[in-house]
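Quick note: the coordinates plus some simple rules give every number you see, no bench work behind them. It should be emphasised that the depicted structure is a prediction, and the values quoted were computed from it without experimental measurement. Quick reminder, even Gly has a Cβ in these numbers, built from the backbone with ideal geometry, and neighbours come from all protein chains shown.
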Amino acid sequence: MSARVRAVIGVSIMSVLLALYFVFAGIRAIGLLSSGEVLPIVMGVAMLILPLIGVWALLRELQFGRESTRLADELGTAGLMPEEPVSTRPSGRPVREDADAAFPKYRAEVEAAPESWQAWMRLGIVYDACGDRKRARAAIREAIGLKKNEISGITPKD
């Protein structure tokens, strides 16, 4: 089973579980709102607001996943995916030391062309291979923003 298929299955399961939580929280919130007492009503309102925040966060994550996958596919089609030989563990995860050795090349690419979504996306992929999710997501968000600007014709600020 490919990593993409596993990711889609994982996202689907988590989305269904989150939706079930929202339904049960909504049922409980309606019960609290109908109590007629102040404290339960406040708790009921909070139980309605928190799932809305959860829906917003879920939609944002799904959008990020869709856009980052689209950019990775575009890089792959163009033959621009990072191709350094990186050993993998039996689980399929890359060996961090191999990924760390590839990092300086991609960081230099971003420094040389900070307006290139391809450079940022490649850097994000290498960060992810190194296990640095926070920096990977930041670099990929930058790539997504630059790609959107490229499509809309907006030039980066000096």
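Picking from Ser35, Ser15, Ser87, which is most flexible by a Gaussian network model of the chain using Cα springs under 10 Å? Residue with maximal mean-square fluctuation among Ser35, Ser15, Ser87: Ser35. Sequentially through region 81-98, phi angles give Karplus couplings (6.51, -1.76, 1.60; θ = phi - 60°) of 5, x, 10, 4, x, 10, 5, 10, 7, x, 6, x, 6, x, 6, 4, 4, 5 Hz, Gly and Pro residues having no value and appearing as x. For the chain, the longest principal axis of the C-alpha atoms and the axis of helix 133-152 are separated by about 80°. Once the Cα atoms are used to define both axes, helix 117-130 deviates from the longest principal axis of the chain by about 80 degrees. The label-point distance for Ile154 and Ser12, in a model that sets each label 7 Å from Cα toward Cβ, rounds to 3.5 nm. Relative to the 2.2 N^0.38 Å rule of thumb, region 47-117 has a C-alpha radius of gyration ratio of 1.56.
Under a Gaussian network description of the chain, with springs only between Cα atoms under 10 Å, the residue in Arg135, Arg89, Arg122 that fluctuates furthest is Arg89. Helix 38-77 and the longest principal axis of the Cα set of the chain meet at an angle near 20°.
Of [x] 53, 41, 28; [y] 55, 32, 27; [z] 64, 45, 24, which is the value of Cα extents along the principal axes in Å derived from the coordinates here? Looking at Cα extents along the principal axes in Å for this model, the match is [z]. Find out how many positive minus negative residues lie around Pro82, taking Lys and Arg as positive, Asp and Glu as negative, among other residues whose Cβ is under 11 Å from that of Pro82. Neighbourhood net charge equals -2. 3J(HN,Hα) along region 13-29: 4, 5, 5, 5, 4, 5, 4, 4, 4, 4, 5, 5, 5, x, 4, 5, 4 Hz, from the Karplus curve 6.51 cos²θ - 1.76 cosθ + 1.60 with θ = phi - 60°, whole Hz, x for Gly and Pro.
The ratio of the alpha-carbon radius of gyration of region 90-135 to the globular-protein estimate 2.2 N^0.38 Å is 1.17.
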